[in-house]
Amino acid sequence: MSAQTFSSPDIAVTPAPASQAVVTAASLTKRYGLRPVLRNVSFSLASGKTLALLGPNGAGKTTLLRLLATLAKPSAGEATICGFDVVADANVVRRLIGYVGHQPPVYDDLTGRENLLFFARMYGLPDGPARAQLLLERVGLRAKANDRVRTYSRGQAQRLALARGLLHHPALLLLDEPDTGLDDDAIELLHELLQERQMAGLTTIFTTHQLERGIQQSDETLVLLGGRVVFAGASSALTLADLRRLYGGQAGGTL
Amino acid sequence: MRVASSPPVTSAGSSPGGILSSGWFRPVRQYGEYVLGGATVIGMLVTIWAALIYSPREVNGDFQRIVYVHVPVAWVAFLAFFVVFCASILFLWRKDERWDRLAWASAEVGVIFTTLTLITGSLWGKAFWGAWWVWDARLTTTLILWFIYVAYLLLRSYTGRSPSGARAAAVLGIIGFIDVPIVYESVNWWNTLHPQQLVVEDQLPAQMLVALLIAVVTFTLLFAFLLIQLYKLYTLKAAAEELRARVESE
Amino acid sequence: MMASLQLFWQQTLAMLWKDIRCELRTRQVWGGMALFALLVLVVFNFAFDLRVNDKVAVAPGALWIAFVFASILGLGRTFAAELEHGSMDRLLICPVDRKAIYCAKLLGNMAFIGVVEIIAVPLFAAAYDLPVLTLGIIPIVLLGTLGIAAIGTLFSAIASNTRAREVLLPLLVFPLIIPVVIGAVRATQELVSPVGDGVPWLGLIIAFDVIFLSVSAVMFQYVVEE
């Protein structure tokens with residue numbers, strides 16, 4: 001019944017109260033075929049907090065984000081977003097999250113504006129054109145708004161991706177290595193945008209290979225190693241030296 | 001520590017043998033297939049006797065006796081695809097990969113028996129209609145069935161043992177089977193413009209009926225035997241992959 | 001309930017608009033399909049010598065073979081744009097019923113095949129001097145195309161996940177759509193020169209469409225979702 005209410009276009013989704021955990025994961029396990037990728041991952045994240053998800057390549061970071069984004073289903077355990085189960089209430093959860101993964105979340109043969117308008121209609125947003133215009137200006141793409149995404153630079157495409165992720169005013173933003181392949185200026189602009197959102201109270205989970213930046217820009221850190229949680233706690237309690245020790249001799253990660 | 005923390009993949013679902021590997025079921029599991037195999041061999045001998053000696057000689061000659069192979073083989077082919085259909089639905093519903101293995105095994109047996117159906121049907125056709133092939137509804141439907149399930153096996157070989165491949169195959173296993181009666185009806189209607197020699201099925205002598213029944217039962221036993229063997233083979237393959245994955249992930 | 005139904009169609013139309021927009025920009029499918037359909041008709045002319053008296057018996061078959069072959073070309077591209085970066089995440093992340101995705105792709109394929117048919121039928125009528133340009137041809141072509149697209153859209157999603165998609169798609173689709181082809185060819189023949197075999201060919205196609213439209217729409221989610 002609740003799914004029905006939420007899929008109706010004229011009812012806006014209200015973010016969870018500040019005290020409530022936006023994300024909870026309990027014993028999340030994921031196997032691809034028979035190979036375990038995530039093993040017994042449990043954590044929770046309060047509203048308005050930012051979580052850095054760290055770990056070497058193949059540690060299960062992307063898989064964890066995909067489970068939370070309803071793009072993959074857990075083999076065991078469960079996870080909720082604002083109290084909604086990622087499997088049972090998938091379509092409600094999809095309204096609550098913005099997800100920017102490795103692949104561009106937009107269509108190359110549409111313009112930036114057309115992309116945002118298309119996704120606004122997919123979410124049943126009544127004020128699509130206004131929101132698209134606002135976001136395009138905010139991410140600095142007004143001049144490129146009517147060009148095909150195919151002609152965008154990597155940084156421009158990534159900013160459009162972020163605009164797409166924020167379009168439906170999600171309660172939780174999931175970012176998978178948002179700064180990969182960007183030059184320094186683009187990274188600066190991206191982080192400025194993200195920080196502004198975080199100030200506004202958006203709960204965020206992001207992965208990165210920039211360990212130092214990851215710790216600095218988050219309230220909490222979760223470190224995965226071989227699909228297991230090896231550290232979960234406040235980012236301030238974690239130093240770069242600790243991280244190096246946690247990573248052990250494993251390859252991956254720019255230290 | 002490693003053993004204790006290894007993921008609980010050795011559930012009843014994925015271990016070879018599954019629930020049958022423990023408890024009082026063990027004797028059935030251990031000797032059941034020998035009994036089945038033995039029954040099949042004896043049944044085959046009885047079938048040969050019934051088909052060649054017991055059943056009376058037809059007016060059409062000894063060639064008529066091919067029906068004792070053709071009919072049971074065709075029956076098994078359809079039975080096999082019905083098993084694929086049911087197992088595919090159960091797999092999509094219960095998400096238990098044992099159903100997927102059963103569907104795969106049954107499809108392989110089904111394709112072999114469909115091929116035999118086409119060959120024996122064609123031999124029979126040559127003897128009685130004077131042509132290797134006629135576009136009769138039953139024959140044509142069998143041929144299309146063969147195409148559908150060869151494509152099924154091809155799809156499985158292209159996608160390998162992946163979850164998405166298993167789901168895709170299940171979808172084809174369901175749609176293919178639903179299509180069969182529609183294909184049959186359409187070919188039947190199509191034939192109204194091309195009148196074929198109609199096979200008037202006279203009242204069969206009781207002895208022929210008995211022989212036919214023996215053959216059908218025997219071939220059904222053979223199907224069950226082959227299905228179990230193939231299913232066990234796939235289960236062992238999955239177990240081997242599981243062990244390899246566990247070794248690699250440590 | 002009304003609201004969710006309204007959203008369903010809004011989403012379906014949005015996806016349809018998006019696909020048509022992309023196709024108009026890139027022109028990857030339409031032109032090729034139409035040209036191919038005409039080519040098949042020309043080849044059939046030489047293969048069966050359609051000028052002779054039995055053209056009534058052969059020509060409808062040639063027309064539908066052309067449609068089916070051209071459809072396969074287009075169907076193979078159904079998910080090409082969607083998978084340009086490897087997966088369908090962009091759509092699957094949206095709060096959209098998977099049946100709506102199927103509907104949009106189905107309508108898109110019908111539009112692509114439909115354009116080819118609108119070009120091919122008049123040329124076919126002119127080239128072979130057959131009276132097919134009547135109102136009666138519209139339901140036959142429409143329902144036949146729906147049947148081909150209903151099966152084709154589903155199996156295009158399946159084939160696009162595999163390495164050998166170009167080989168696999170026709171092998172999967174052709175045997176399944178045989179009832180539609182038989183029905184459509186016979187119905188077209190009845191239109192050109194009524195024999196009065198008393199068989200409800202259109203009814204056969206409608207039954208096929210209804211069954212496989214509903215089954216495919218339900219099955220689609222198992223194909224695209226993990």
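The values are calculated or read from the model by the stated rules, or taken from the named source; none is laboratory data. These numbers come from a predicted model, not from an experiment. Please note: Cβ atoms are built from the backbone with ideal geometry, for glycine as well, and neighbour counts cover all protein chains shown. Only protein heavy atoms, including side chains, enter the accessible area calculation; ligands, DNA and RNA are left aside. Shrake-Rupley method; radii C 1.70, N 1.55, O 1.52, S 1.80 Å.
Suppose every Lys and Arg Cβ carries +1 and every Asp and Glu Cβ carries -1, with no other charges. What dipole size does chain C come out with about its Cα centre, to the nearest 20 debye?
Result for chain C is approximately 360 debye, rounded to the nearest 20.
Rolling a 1.4 Å sphere over the protein heavy atoms, what is the accessible area per residue of segment C:2-225, to the nearest Å²?
Accessible surface, normalised per residue, equals 39 Å².
Hey, any idea what % of chain A's accessible area is carbon plus sulfur with a 1.4 Å probe?
On the way: 5160 of 10210 Å².
Using a 1.4 Å probe with all protein chains present, chain A comes out at 51 percent carbon and sulfur.
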* Average Cα contact separation per residue, chain A, under 8 Å, 6 or more apart, as relative contact order % -> 26 percent
* Give the long-range amide H neighbours of A:Leu54: residues separated by 5 or more places, or on another chain, with amide H under 5 Å away, using H modelled in the peptide plane at 1.01 Å from N. => A:Leu222, A:Val223, A:Leu224
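List the relative contact order of segment B:96-146 as a percent without decimals, with contacts defined as Cα pairs under 8 Å and 6+ residues apart. Each step should come with its number before you reach the end.
Values: 20 pairs, mean separation 17.6, N = 51.
That works out to 35 percent.
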* Asked: With every protein chain present, what is the per residue accessible area of chain A (1.4 Å probe, Å²)?
  -> 40 Å²
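For the pairing of chain A with chain C, what total accessible surface becomes buried, with a 1.4 angstrom probe, in square angstrom to the nearest 100?
Numbers: alone 12150 and 11900 Å², together 20920 Å².
Between A and C, the summed buried area is about 3100 Å².
Give the peptides B:135-145, A:44-54 in descending order of average Cβ contacts within 10 Å, highest first.
Working: B:135-145: 19.3, A:44-54: 21.5.
Ranking the peptides B:135-145, A:44-54 by packing returns A:44-54, B:135-145.
Is the C-alpha gyration tensor of segment A:134-255 telling us rounded, prolate or oblate? Criteria: a/c under 1.5 is rounded; beyond that, a/b larger than b/c is prolate, otherwise oblate. Before the final figure, lay out the partial values.
Details: a/c = 2.54, a/b = 1.84, b/c = 1.38.
Note, shape of segment A:134-255 comes out prolate.
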* Structure fact -> C:Ser214 and B:Ser162 label points (each 7 Å along its Cα→Cβ direction) are spaced in nm at 3.3 nm
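How much FRET efficiency would the formula 1/(1 + (r/R0)^6) give for A:Ala46 and A:Ala26, where r is the Cβ-Cβ distance and R0 is 25 Å, rounded to 0.05? Write down the numbers at each step before the final one.
On the way: r = 16 Å, r/R0 = 0.64.
According to the calculation, E is roughly 0.95.
Just to confirm the filter: which trypsin sites (Lys or Arg not before Pro) across segment C:107-203 are DSSP coil and have at most 16 other Cβ within 10 angstrom of their Cβ? Walk me through the intermediate numbers first.
Details: sites: C:Arg163, C:Arg165, C:Arg186; in loops: C:Arg163.
Sites meeting the loop and neighbour criteria: C:Arg163.
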* Which part of segment B:99-134 falls in the paramagnetic zone of A:Val87, meaning amide N under 20 Å from the point 7 Å along Cα-to-beta-carbon? -> B:99-101
* Karplus 3J(HN,Hα) series, Hz, for segment B:73-79 with 6.51 cos²θ - 1.76 cosθ + 1.60 (x for Gly, Pro) -> 5, 5, 4, 5, 4, 5, 4
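Nearest 0.05, what FRET efficiency do B:Phe63 and C:Val56 give at R0 = 51 Å with Cβ-Cβ as r? List each step's numbers first, then the result.
On the way: r = 40 Å, r/R0 = 0.79.
In this case the efficiency is close to 0.80.
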* Asked: Between B:Gln207 and C:Gln28, what is the label-to-label distance in nm when each label sits 7 Å out along the Cα-to-Cβ direction?
  -> 6.9 nm
* Structure fact -> Ordered by number, the residues of segment C:78-99 with at least 30 Å² less accessible area in the assembly than alone (1.4 Å probe) are C:Glu84, C:His85, C:Asp89, C:Arg90, C:Ile93, C:Cys94, C:Pro95
* Integer Hz, Karplus 6.51/-1.76/1.60 couplings in order for segment B:132-139, x for Gly and Pro -> 5, 9, 10, 8, 6, 4, 5, 5
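How high is the relative contact order of chain C? Use alpha-carbon pairs under 8 Å, at least six apart in sequence, and give a whole percent. Before the final figure, lay out the partial values.
Working: 225 pairs, mean separation 58.2, N = 226.
So the answer I get is 26 percent.
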* Asked: When chain A is treated as a GNM, springs tying every alpha-carbon pair under 10 Å, which of A:Gly227, A:Gly181, A:Gly55 comes out with the largest mean-square fluctuation?
  -> A:Gly181
* **Check: chain A dipole with +1 on Lys, Arg Cβ and -1 on Asp, Glu Cβ, in debye** => 660 debye
* Using a 1.4 Å probe on the protein chains only, how many percent of the accessible area of segment C:2-225 belongs to carbon and sulfur? -> 70 percent
* In the protein assembly as shown, what is the count of Lys pairs whose alpha carbons are under 21 Å apart, counting only pairs at least 8 residues apart or on separate chains? -> 13
* To do: List, in order, the whole-Hz ³J(HN,Hα) value for each residue of segment A:178-187 obtained from phi through the Karplus relation with A = 6.51, B = -1.76, C = 1.60 and θ = phi - 60°; use x for Gly and Pro.
  => x, 9, 5, x, 9, 7, 4, 4, 5, 4
* Calculate the dipole size of the protein assembly as shown relative to its Cα centre from +1 charges on Lys and Arg beta carbons and -1 charges on Asp and Glu beta carbons; express the result in debye to the nearest 20. => 1220 debye
* Quick one: buried accessible area between C and B, total over both chains, 1.4 angstrom probe, nearest 100 Å²? -> 2700 Å²
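I'd like the FRET efficiency for B:Val247 and C:Leu135, computed as 1/(1 + (r/R0)^6) with the beta carbon distance as r and R0 of 51 Å, rounded to 0.05. Numbers along the way, then the final one.
Details: r = 69 Å, r/R0 = 1.35.
So, using R0 = 51 Å, E works out to roughly 0.15.
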* To do: Taking the dipole about the Cα centre of segment C:2-225, with the C-beta of Lys and Arg at +1 and of Asp and Glu at -1, give me whichever of C:Leu107, C:Phe8, C:Thr26 is farthest to the positive side.
  => C:Thr26
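Local charge sum around C:Gly183 (other residues, Cβ-Cβ under 11 Å, Lys/Arg +1, Asp/Glu -1)? Please report the intermediate quantities before stating the final value.
Numbers: positive: C:Arg186; negative: B:Glu185, C:Glu190, C:Asp209.
That sum, taken over residues with Cβ under 11 Å, equals -2.
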* Asked: List for segment B:150-166: residues with 10 Å² or greater reduction in accessible area, all protein chains versus chain alone, probe 1.4 Å?
  -> B:Ala151, B:Leu154, B:Leu155, B:Tyr158, B:Thr159, B:Pro163, B:Ser164
